[in-house]
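S.K.: One structure, as structure tokens, below. Some questions next.
The values are calculated or read from the model by the stated rules, or taken from the named source; none is laboratory data. Values in this document were obtained by computation on a predicted structure and should not be read as measured data. Quick reminder, even Gly has a Cβ in these numbers, built from the backbone with ideal geometry, and neighbours come from all protein chains shown. Surface areas here come from the heavy atoms of the whole protein model, side chains and all, with no ligands, DNA or RNA. Shrake-Rupley method; radii C 1.70, N 1.55, O 1.52, S 1.80 Å.
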Amino acid sequence: MAIKTEKVGFFDRFIPFGSILRVYGTVGVLMVVVISGLMTYLLLKTTELTLLTQPEPTDFQKPQNILLIPGINEFIPSSFAVWTALVLTIAIHEFGHGILCRVEGIAVKSTGLLLAVIPIGAFVEPDEDDLNKTHGMAKMRMFGAGIANNLTIGVICFIALVLLLGMVTPSPTPIVNGVYQDYPAWEADLPYPSIITMVNGAPVQTRDEVSALLQETSPGDAITLTVDKDGLVTSHTLTLSAWPEELETGYESGFMGITYYDSEQVVHVFGNLASPQGMLYLLIAPLNIVPGAEFLRVIPYESVESTYLQVPFDGFWGVIHLLFWIGWINIMVGIFNALPMVPLDGGYILKEGLHRLLDRRGLAGYVDRIVSTVSWAVLLMLMAPILLPYLFHL
């Protein structure tokens with residue numbers, strides 16, 4: 001179930017950079033403290049809101065969606081990009097611990113991978129005696145290094161992702177993204193998403209060309225649309241209607257009753273990702289829970305919509321998927337591990353910090369009880385939004 005090696009000289013190569021890495025580890029500890037406090041506050045508010053509103057269970061509360069397991073969690077596909085990101089995330093986290101162990105004078109006994117059919121984890125085994133002798137910031141830096149690595153790599157990947165998405169340009173191709181119910185395209189059973197290739201036998205390549213041909217029509221006219229859906233070309237006769245009053249266009253030409261895939265809007269959304277709000281949108285991109293986020297689903301998932309955008313090189317979307325999932329999983333793992341509960345790194349940092357604070361006051365004996373209480377409280381707050389909706393609606 002594991003591949004283990006005691007050849008750990010790799011970690012010693014970082015000892016000469018100890019001064020820089022200690023600063024990095026200290027920054028990591030500060031990041032953990034800030035994230036830990038913020039997440040605890042958000043968990044408190046979420047629990048309070050759940051108790052007050054008593055919401056119905058949603059897909060987010062399903063048991064399989066609690067864990068970050070590709071193919072089991074409905075929001076995380078079992079793809080090459082996701083599995084690669086998951087293995088890299090765990091390795092990046094554990095290597096952070098291993099490097100800071102050596103920098104702080106803690107021996108590393110072994111390192112390796114945990115296996116099922118594929119790698120599902122990584123580990124670094126420090127020398128227990130050395131670890132128990134290490135206290136204060138040195139020990140806290142060692143625990144915080146993995147989280148710092150995850151968050152740093154995650155942010156770097158998201159920055160690279162945003163820069164690449166800035167190279168995407170809109171496509172003028174007339175792509176049918178939907179139809180209005182009970183209007184001509186609906187009645188003609190026009191498939192979507194599909195690409196309009198001809199109007200009345202005349203080839204078209206852009207939405208403007210389709211619009212130009214439609215301007216010569218009137219309500220009641222019949223036109224033939226030829227469309228391509230996933231390589232299947234079909235023709236459909238539409239009897240045009242008048243434009244709906246609610247659209248308030250003032251057009252006197254015939255109305256097909258279709259909506260186009262708005263690639264210009266998608267590119268506009270991509271351009272807004274280079275902001276703190278944009279980074280938050282990336283974090284919720286797999287969930288599609290806010291208006292506008294639906295345009296971002298092309299980033300984490302393989303989607304036909306990706307073929308409706310112009311990209312700078314072949315294999316572009318494969319790179320985008322990989323960068324997204326490496327960034328997303330690293331950030332999520334980093335945030336989760338920062339929670340102030342044992343056995344997470346944030347819990348051990350809390351424990352060491354309390355020892356440092358209370359020992360000089362002769363109160364070190366209370367540390368374990370405080371950490372245990374906080375850990376249970378955080379665990380209960382984590383479970384509350386998941387379990388309470390089911391309990392409210394038994």
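S.K.: Compute and list, largest first, the equivalent-ellipsoid semi-axes of region 1-92 from the alpha carbon gyration tensor, each √(5λ) rounded to a whole angstrom. If you can, show how the numbers build up before the last one.
M.R.: On the way: eigenvalues 255, 118, 19 Å².
In descending order the semi-axes read 36, 24, 10 Å.
S.K.: Enter the Cα centre distance for the pair region 49-88 and region 179-195, rounded to the nearest angstrom.
M.R.: Centre-to-centre distance over Cα atoms comes out at 34 Å.
S.K.: Each label point is 7 Å from the Cα along the Cα-to-Cβ direction; what then is the distance between the points at Asp12 and Arg297, in nm?
M.R.: About 5.4 nm separates the two model spin labels.
S.K.: So between Phe80 and Asp228, what do we pick up on full extension, going 0.36 nm a residue minus the alpha carbon distance? Could the numbers behind the result be given before it?
M.R.: On the way: separation 148, 0.36 × 148 = 53.28 nm, distance 2.91 nm.
The Phe80-Asp228 span can extend by a further 50.4 nm.
S.K.: For Lys4, which lysines qualify as cross-link partners when the Cα separation must be under 18 Å and same-chain residues fewer than eight apart are set aside?
M.R.: List returned: Lys109.
S.K.: Using a 1.4 angstrom probe and counting only protein chains, how large is the accessible area of Leu114 in Å², to 10?
M.R.: It works out to around 80 Å².
S.K.: With angles folded into 0 to 90 degrees, how steeply does helix 18-53 sit against the dominant principal axis of the chain? Use alpha carbons for both and round to 10.
M.R.: Once rounded, one gets 60 degrees.
S.K.: Another question, then. How would Asp189, Asp345, Asp127 line up by accessible area, probe 1.4 Å, largest first? Write out the running numbers ahead of the final one.
M.R.: On the way: Asp189 120, Asp345 15, Asp127 40 Å².
My answer, sorted largest first, is Asp189, Asp127, Asp345.
S.K.: Ignoring everything but the protein chains, give the 1.4 Å probe accessible area of Thr217 in square angstrom, nearest 10.
M.R.: 20 Å²
S.K.: Gain in length, Met332 to Leu213, computed as 0.36 nm per residue apart minus the alpha-carbon separation, to one decimal in nm? Spell out each step's value before the answer.
M.R.: Working: separation 119, 0.36 × 119 = 42.84 nm, distance 5.03 nm.
37.8 nm is the gain from fully extending Met332 to Leu213.
S.K.: Hey, what's the per residue convex hull volume over the C-alpha atoms of the chain, in cubic angstrom?
M.R.: Working: hull volume 76.7 nm³, N = 394.
It comes to 195 Å³ per residue, whole-number rounded.
S.K.: Also, I was wondering about something else. Which value in nm describes the separation of the simple spin-label points at Lys45 and Thr237, placed 7 Å from the Cα toward the beta carbon?
M.R.: About 6.0 nm separates the two model spin labels.
S.K.: As a test of reading the structure, rank Trp243, Trp328 by solvent-accessible area (1.4 Å probe, protein chains only), most first. Walk me through the numbers on the way to the answer.
M.R.: Numbers: Trp243 70, Trp328 25 Å².
Final ranking, largest accessible area leading: Trp243, Trp328.
S.K.: On to the next question. Can you give me the solvent accessible area of Tyr301 with a 1.4 Å probe, rounded to the nearest 10 Å²?
M.R.: Rounded to the nearest 10, the figure is 40 Å².
S.K.: Please report, largest first and rounded to whole Å, the three semi-axes of the ellipsoid equivalent to region 254-394, where each semi-axis is the square root of five times an eigenvalue of the C-alpha gyration tensor. Provide the component values of the computation, followed by the final result.
M.R.: Details: eigenvalues 409, 80, 28 Å².
So the equivalent ellipsoid measures 45, 20, 12 Å along its semi-axes.
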